[in-house]
Amino acid sequence: MADDKGKQEDGVNRLFYLQSLYNQQYEALMSELTTMSVAEGALDRNLALLDKKDSLKNSSILVSGEGGTYFEASVKDVKKVMTYVGAGYLVEKDIEGAKEFIKKSIEKSRGAIAKLLDEKQKLETEIMRIQYAIDAMQQGQ
């Protein structure tokens, strides 16, 4: 009888450990989802800004410098933009090229987010299954 109780405790402890691992994965996944969503929002805003480029002609804008410093600048015309392509690199592109690049980046981002959401659902299901198993084992004590 005591041996059965010891085995049951070991089983519950293993399930708690497994649940803890899944919870850590879940937290990391949620952090990644947040990061990806913020990045996608920035891409959407950049695409909208490129669509409004004509309204920037002959206007003043603030250009962000380092350390919270901003410079007032005048925009004559917007023909080319520097587009971030990853790994710290910027590439000069014309407006249409930049739009296409950003649209492709948004598509990739949405695909990655969809995969993360699918993985999130799987983890939630597994965490719930483990919790039910823990509850059942504890009620059987």
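The values are calculated or read from the model by the stated rules, or taken from the named source; none is laboratory data. All values reported here derive from a predicted model rather than from experimental measurement. All Cβ positions, even for glycine, are placed from backbone atoms using ideal geometry, and neighbour counts span all protein chains on display.
Assess whether K80 counts as being more than 30 Å from K120 (Cα to Cα) and of a type in the set (K, R). Judged against the criteria, K80 is a match. One residue alone among L62, L90 is outside any helix (DSSP H, G or I), in contact with a strand residue (DSSP E or B) (Cβ under 9 Å, 6 or more places away or on another chain) and at pLDDT below 90, and that residue is L62.
Taking the conditions (1) at pLDDT below 85; (2) loosely packed, with under 13 Cβ neighbours inside 10 Å in turn, K79 satisfies each one other than (1).
Name the one entry in Q131, Q139, Q121 that is modelled with pLDDT of 95 or more and of a type in the set (S, T, N, Q).
The conditions single out Q121.
When I130, I106 are checked against the criterion of being closer than 30 Å to K7 by Cα, part of a helix (DSSP H, G or I) and not hydroxyl-bearing (S, T, Y), a single residue qualifies: I130. Return the residue satisfying two criteria in turn: it lies in segment 21-61 and is among the hydrophobic types (A, V, I, L, M, F, W, C) and under 18 Å from K80 (Cα atoms), and of such residues it is surrounded by the most Cβ atoms within 10 Å (Cβ to Cβ). Across segment 21-61, the extreme among qualifying residues is L43.
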